[in-house]
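A short write-up of the structure that comes next.
The values are calculated or read from the model by the stated rules, or taken from the named source; none is laboratory data. Quick caveat, the model's predicted, so the values are computed rather than measured. As a convention, Cβ positions derive from the backbone with ideal geometry for all residues, glycine included, and neighbour counts pool all protein chains shown. For accessibility, only protein heavy atoms count, side chains too; no ligands or nucleic acids. Shrake-Rupley method; radii C 1.70, N 1.55, O 1.52, S 1.80 Å.
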Amino acid sequence: MNLLYNGAKAMKLLIAIIQERDRRRVEEALSVEGFFFTKIASTGGFLRDGNVTMLLGVESEQLEQVLGVLRESSEARDQYVSLPPPDVMPSAGLMQAPVKVTVGGAVVFVMDVERFERW
Ligand code: 2BA
């Protein structure tokens, strides 16, 4: 990898939300490919499960490569959730059927980086 700092090359910032179960595989794959990343422990607002949010600064020309690494190392899964949560609506019914939701893969936001400094 040839990451030039201090605004020498156009960069993208990815915010990638990864399922906790894929975390290790994603980290290893990114490291093998030489990508820098920062992990933030996070929680999905809907399922309230732990996930991990990664910040990745990459050269613009590496965007498809890093997306490919994320795609190959994380997988979508079905999870079941009871709606509404019993603590929110205790009288909603005793035997409410769980609802199936498909959780990524990864959820990735890609942004242009106006300027990058490192010292
Ligand atoms: P959660 O909020 O726990 O959502 C888990 C999964 O539940 C979502 O999978 C989606 O399939 C479903 N889901 C979420 N909100 C829903 C709703 N209001 N109604 C019906 N189904 C809903 P993903 O879309 O793969 O999202 C995985 C995780 O990525 C989310 O966990 C959340 O932490 C994050 N995320 C997804 N979209 C986001 C967004 N637009 N902004 C910020 N974070 C997002």
- Could you check how many residues of the stretch 26-75 are within 16 Å of the ligand (Cβ to nearest atom) and at negative phi? 24
- Name every residue in the stretch 33-61 that is of a type in the set (D, E, K, R) and either modelled with pLDDT under 95 or more than 15 Å from Val113 (Cα to Cα) (or both), in order of residue number. Glu33, Lys39, Arg48, Asp49
- Counted residues, the stretch 100-119 - those being more than 8 Å from the ligand (Cβ to nearest atom) and outside any loop (DSSP other than H, G, I, E, B): 6
- Message: Return the pair list, or none, for Cβ contacts closer than 9 Å from residues in the stretch 27-54 that are touching a residue at least 12 places away in the same chain (Cβ under 8 Å) and open to solvent by 40 Å² or more (accessible area, probe 1.4 Å) to residues that are part of a loop (DSSP other than H, G, I, E, B) and within 12 Å of the ligand (Cβ to nearest atom), at least 6 apart or on different chains.
- Response: Gly50/Gly44
- Among the residues of the stretch 56-78, the number that are under 17 Å from the mean Cα position of the chain (by Cα) and surrounded by 12 or more Cβ atoms within 10 Å (Cβ to Cβ) is 15
- Note on the structure: In the stretch 16-26, anything of a type outside the set (Gly, Ala, Ser) and either out of contact with any helix residue (DSSP H, G or I) (no Cβ under 6 Å at 6 or more places or on another chain) or open to solvent by less than 70 Å² (accessible area, probe 1.4 Å) (or both) is listed as Ile17, Ile18, Gln19, Glu20, Arg21, Asp22, Arg23, Arg24, Val26
- With (1) closer than 13 Å to Phe109 by Cβ; (2) under 14 Å from the mean Cα position of the chain (by Cα) as the list, and Lys12 as the residue in question, which single condition is left unmet? (2)
